[in-house]
1. Scan segment 67-76 and tell me whether some residue there is modelled with pLDDT of 95 or more, under 22 Å from Glu38 (Cα atoms) and over 22 Å from the mean Cα position of the chain (by Cα).
2. Quick check, is Ala119 closer than 17 Å to Arg35 by Cβ and touching a residue at least 40 places away in the same chain (Cβ under 8 Å)?
3. Within segment 77-110, how many residues turn out to be under 22 Å from the mean Cα position of the chain (by Cα) and not hydrophobic (A, V, I, L, M, F, W, C)?
Amino acid sequence: MPRQTLIVLCLFLTACASGPAPIPAPAKPPPLPERLAECLARKGAHLYGASWCHWCHVQLEKFGPDASKVPYTDCDPQGTLELLPECKAQGFDFDSAFPTWMFGDGTSVVGVRSPAWLALRTGCPAP
């Protein structure tokens, strides 16, 4: 057997003797970017409103399918004009204006805000 063939055969047998090469684990997909509603919750922003408040519904609609993830408290969910204790504890009464955003730094703002404004105000990713 020619020397060159013998070397190739030895290399082949050595490679086969060590077993098959390990199959690499599939790469993990990159994490999804944080959604605005989730970031608002993480940053301590919270929306207060009431079931009978038209503008509260408008505010939530601005979040589309993520509306259920917005940190939101309906201060009068039954529409009975009896505020929830957690809303009273925040200083709300029926002279209060809704919707009201309260932020983690203790400030608040009344009225409907665009998602872009909320992102800018909190340092969250813009939608």
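1. Yes, segment 67-76 contains a residue that is modelled with pLDDT of 95 or more, under 22 Å from Glu38 (Cα atoms) and over 22 Å from the mean Cα position of the chain (by Cα).
2. Details: closer than 17 Å to Arg35 by Cβ: yes; touching a residue at least 40 places away in the same chain (Cβ under 8 Å): yes.
Against the criterion (closer than 17 Å to Arg35 by Cβ and touching a residue at least 40 places away in the same chain (Cβ under 8 Å)), Ala119 qualifies.
3. Looking only at segment 77-110, we keep the residues that are under 22 Å from the mean Cα position of the chain (by Cα), and these are 99-109.
Add one more test, that the residue is not hydrophobic (A, V, I, L, M, F, W, C), and what stays is 99-100, 104-108.
Number of matching residues: 7.
The values are calculated or read from the model by the stated rules, or taken from the named source; none is laboratory data. On a predicted model such as this, the values are computed, not experimentally measured, just so you know. Because the Cβ atoms are built from the backbone with ideal geometry, glycine has one as well, and the counts that use them run over all protein chains shown.
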